[in-house]
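Participant: Before we start, here is the structure in question, set down as structure tokens.
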Amino acid sequence: MLIDPHLLAVFTLTTIIALVTPGPDMLFVLGCGVRGGARAGLLATVGVIAGDAVYIAAAAAGLAVLLTAFPVVFTALRIAGSAYLIYLGVQMIRNRKKSQSDDLAVGGMSGRRAFLNGAVCSMANPQTFTFMVAFLPQFIDPSAGPVWLQFLVLGGILIVLEFLADGTVGVLAGRIGGWLRARQAVRRRIDAATGGVFIGLGIRLAAER
């Protein structure tokens, strides 16, 4: 077999444990769901997964060695991503008093924006790449077949599990957030809190080493 069944079982269990532990991606999806609804939460998850898929493809293609050799790339990516998240958070706090009908006009959490922001959040987090490069090879056996193909298979399983975990969080947050957003005063607090989460994530990414 391409991947040993025992290694596959261990990989699946370990991945599930890692995914259910709240991290930057899950918090981001949660914030999008609460502010923009279930659809925004789900599309934010798809965006995060798209960013992860880029890293998986890069690792499978052997670009891990190249990118690791040039840490300045990671530094620039981290700074740009953190600045963008902080910007989003500030905008949410500044626009929290606008009416709900103005949300799309100010770029609140439309489906497209949720997707793009999710991709940025994922790719701006250097831990995502580190996880792919350090974690996936532990379950790869060079003698079992092409390493790149094993990378893609394991990465595909990871993406499916991540979609189930983060997607569930995003949808549930959207359902609860929909009820809360109907109440103007509560909605403003949600926007302020979500903006604070995004700013916190941006600061956390900027502080990563």
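The values are calculated or read from the model by the stated rules, or taken from the named source; none is laboratory data. Source: prediction; values computed, not measured. Backbone-built Cβ (ideal geometry, glycine too); neighbour counts: all protein chains shown. Areas reflect the complete protein model, heavy atoms only, side chains present, ligands, DNA and RNA absent. Shrake-Rupley method; radii C 1.70, N 1.55, O 1.52, S 1.80 Å.
Participant: Counting only protein heavy atoms and using a 1.4 Å probe, what share of the accessible area of segment 136-180 belongs to carbon plus sulfur, as a whole percent?
Facilitator: 76
Participant: On a 1.4 Å probe surface of the protein chains, which of Val34, Val72 comes out largest in accessible area, and what is the full order? Show your work: numbers first, answer last.
Facilitator: Working: Val34 35, Val72 100 Å².
Greatest to least solvent exposure: Val72, Val34.
Participant: May I ask you to order 40-52, 3-15 by the average number of other C-beta atoms within 10 Å around their residues, highest value first?
Facilitator: In decreasing order of mean packing, 40-52, 3-15 become 40-52, 3-15.
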